[in-house]
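Please read the structure below before turning to the comments.
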Amino acid sequence: MVDAITDGTTARPEQLQGLPAEVVLAVERDQQAPMAGAYREFLSLIGGGAGRFMQGEDVYHPRVLGLGTAARELLEENESPFHFEPTDRVFFMHQGYQFEFMRGTGPDPEVWSYSEGEHADVPLRSYASFTDWLRATAEAEIPGWKHHVETVPSLSALGETFRFGGLA
């Protein structure tokens, strides 16, 4: 997946920000759930960012820290009957009303999704594995960024300013 997003538009090789082992360990310790091997690899390869890929989402370090607490607070606020299992690890949040979490102890656990006000305010299983979630996210984003850059030429010229200049 890293090769797929490193297409020169979604991300360039120099924009891939892997996390060092001590930072991956800090992410692991942030939640009590075990860390899956597939997620550890994601953090090691692009856990600090990857150009435009998932830009603006709470999925990269340091914004991934505290997501477990934020997800629990969102469920409580919405009076959801759902309760996390000890193996559930929240790894993604979108604008404070949606989150994704891994469930299970295998090397590539399934992914569940929650969106405020949907499905009786309980999460649903959405992907068979973290790798499937990552692949689907990449397949959805890559064509979109290619289209935006082709139709809005200033995005090419502003690539770094857009991403790192506070406009993201």
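The values are calculated or read from the model by the stated rules, or taken from the named source; none is laboratory data. If you're wondering where the values come from, they're calculated on a predicted model, not measured in any experiment. Ideal geometry is used to build each Cβ from the backbone, glycine not excepted, and the neighbour counts take in all protein chains shown. For accessibility, only protein heavy atoms count, side chains too; no ligands or nucleic acids. Shrake-Rupley method; radii C 1.70, N 1.55, O 1.52, S 1.80 Å.
Summary of values
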item	result
Any hit, the stretch 50-61, residues being in contact with a Phe, Trp or Tyr (Cβ under 7 Å, 6 or more places away or on another chain), among the hydroxyl-bearing types (S, T, Y) and open to solvent by less than 40 Å² (accessible area, probe 1.4 Å)	no
Search result, residues across the stretch 102-144 that are over 12 Å from the mean Cα position of the chain (by Cα) and aromatic (F, W, Y)	W112, Y114, Y127
Failed item in (1) more than 14 Å from the chain's Cα centre (by Cα); (2) closer than 19 Å to G104 by Cβ; (3) outside any loop (DSSP other than H, G, I, E, B); (4) of a type in the set (A, V, I, L, M), with A70 passing the rest	(2)
Candidates G48, G56, filtered to the one that is modelled with pLDDT under 95 and farther than 20 Å from D108 by Cβ	G56
Index of the failed condition, P107 passing every other in (1) at pLDDT 95 or above; (2) open to solvent by less than 40 Å² (accessible area, probe 1.4 Å); (3) not in a helix (DSSP H, G or I)	(2)
Every pair of residues 6+ apart whose Cβ atoms lie under 6 Å, when the first sits in the stretch 82-110 and is free of Cβ contacts under 8 Å to residues at least 60 places away in the same chain and among the aliphatic types (A, V, I, L, M) while the second is crowded, with 19+ Cβ neighbours inside 10 Å and assigned to a strand (DSSP E or B)	V90/F99; V90/F101; M93/D58; M93/F99
Filtered residues of the stretch 52-81 (kept if free of Cβ contacts under 8 Å to residues at least 12 places away in the same chain, more than 16 Å from L25 (Cα to Cα) and not charged (D, E, K, R))	T69
Positions within the stretch 79-113 being over 15 Å from R125 (Cβ atoms), out of contact with any strand residue (DSSP E or B) (no Cβ under 9 Å at 6 or more places or on another chain) and not acidic (D, E), in sequence order	P81, H83, P86, T105, P107
Matching option when the condition is of a type in the set (K, R), modelled with pLDDT of 95 or more and closer than 21 Å to T87 by Cβ, among R63, R40	R40
The stretch 19-40, subset open to solvent by less than 40 Å² (accessible area, probe 1.4 Å) and within 15 Å of the chain's Cα centre (by Cα), residue nearest to A71 (Cα to Cα)	V27
Subset of the stretch 122-138 that is in contact (Cβ under 8 Å) with a residue 40 or more places away in the chain and open to solvent by 30 Å² or more (accessible area, probe 1.4 Å) - its residue that is nearest to N78 (Cα to Cα)	V122
Tally of residues being in a helix (DSSP H, G or I), of a type in the set (G, A, S) and in contact (Cβ under 8 Å) with a residue 24 or more places away in the chain across the stretch 1-46	5
